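K.L.:
I am attaching a structure below and will ask some questions about it afterwards.
The values are calculated or read from the model by the stated rules, or taken from the named source; none is laboratory data. Worth saying up front: this structure is predicted, and the values here are computed from it rather than measured. FYI the Cβ positions are ideal-geometry reconstructions off the backbone, even for glycines, and counts take in every protein chain you see. Just the protein is used for accessible areas: all its heavy atoms, side chains included, with ligands, DNA and RNA removed. Shrake-Rupley method; radii C 1.70, N 1.55, O 1.52, S 1.80 Å.
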Amino acid sequence: MNPIFSPALESAVDRAIEILEQTPFLPGQLFYNCAELQQKLDISATLAQDSLHELFVLGYLEQVDDCYVVARDKIVRNTWAMSSLSDAMASRHFVLRSKILFFDIVEAPKTIFKMLNLVLGEKVYCLHRLRYVEDVPMIVELSYLPVSQFPGLLAYDFAAYSLYRILEEKYHVRAENQSLEFFVEQPTPDEMSWLQLKPDDTLLTLSGETFNQNGNVFEYSISKSPGRYTCYECSPILEGLF
């Protein structure tokens, strides 16, 4: 929590979080309004309003019109164990489905052909998908793959199948490692529509190369998800001082 917060606000927010954790609230259920939280915690109206706002900022609550409701659980993805999104969600018993936004062969954009070690003008597959977790639009994914490495890839329906599973089973290419960069971005109008976001919402964006079992890059991917509902875990290795 922000260290500039007053001790009174920190205490009120902590107590409100305890209520959320100990009460069987369901996602989307109405939480206390300002007057109710004021009475529940025996605090001032101003402190109750500030506490509700901080719970919203921290992702515990969502705002619907003038009311606060309990937020959905965050999707937690780790970035140290390589797996497809399909496998990651299946391991957590989440239902994942996909919608194809665009899938075709295009000329590799300048930044992409450099990342994939291609020559200028070489063709790539561009696979753009909207991924739903438990029927909630949660992730926009964009994948670029060299056409020369994966002939016939357009024949597969990646609304129904895992990209990495098809690459391994049909092309004997296994996703082994990734080199990713993290960004915080504002959504475009299309992304706001796809992910049901507001203009002031933020996206967590991961982009970078995917390497196969031989250490060769075969994909450049971009993954965007709402920051409010997503948490990425990593395991850094510290080597020396910086």
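K.L.:
Please work out whether the range 134-242 counts as rounded, prolate or oblate from its C-alpha gyration tensor, where a ≥ b ≥ c are the square roots of the eigenvalues and a/c under 1.5 means rounded, while otherwise a/b larger than b/c means prolate and anything else oblate?
P.N.:
Note, shape of the range 134-242 comes out oblate.
K.L.:
I need the calculated FRET efficiency for the pair Arg174 and Gln196, taking r as the beta carbon distance and R₀ as 41 Å, to the nearest 0.05.
P.N.:
Efficiency at R0 = 41 Å is approximately 0.75.
K.L.:
If R₀ is 45 angstrom, what is the calculated FRET efficiency for the pair Val119 and Lys74, using the beta carbon separation as r and rounding to 0.05?
P.N.:
My answer for the efficiency is 0.60.
K.L.:
OK, next. With all protein chains present, calculate the accessible area of Thr46 using a 1.4 Å probe and round the result to the nearest 10 Å².
P.N.:
Surface open to solvent at Thr46 totals about 100 Å².
K.L.:
Additional query: Say we join alpha carbon atoms closer than 10 Å with springs in a Gaussian network model of the chain; which of Arg131, Arg174, Arg15 then has the biggest fluctuation?
P.N.:
Maximum fluctuation in the GNM of the chain, among the listed residues, is at Arg15.
K.L.:
So how much slack lies between Glu21 and Ser6, counting 0.36 nm per residue of separation and subtracting their Cα-Cα distance, in nm?
P.N.:
So the extension gain works out to 3.1 nm.
K.L.:
Between Lys224, Lys40, Lys74, find the one with the highest GNM mean-square fluctuation for the chain; connect C-alpha pairs within less than 10 Å.
P.N.:
The residue that fluctuates most here is Lys40.
K.L.:
Another question, then. For the chain, find the longest principal axis of its Cα atoms and tell me its angle to the long axis of helix 45-57, 0 to 90°, nearest 10.
P.N.:
10
K.L.:
Continuing with the same structure: Can you work out ³J(HN,Hα) from phi for every residue in the range 144-151, in order, using Karplus 6.51 cos²θ - 1.76 cosθ + 1.60 and θ = phi - 60°, giving whole Hz and x for Gly and Pro?
P.N.:
Karplus-based 3J(HN,Hα) across the range 144-151 equals 10, 9, x, 4, 5, 8, 9, x Hz.
K.L.:
Kindly identify the chain as rounded, prolate or oblate by the Cα gyration tensor criterion: order the square roots of the eigenvalues as a ≥ b ≥ c, call it rounded if a/c is under 1.5, otherwise compare a/b with b/c, prolate if a/b is larger, else oblate.
P.N.:
Details: a/c = 2.53, a/b = 2.15, b/c = 1.18.
Prolate.
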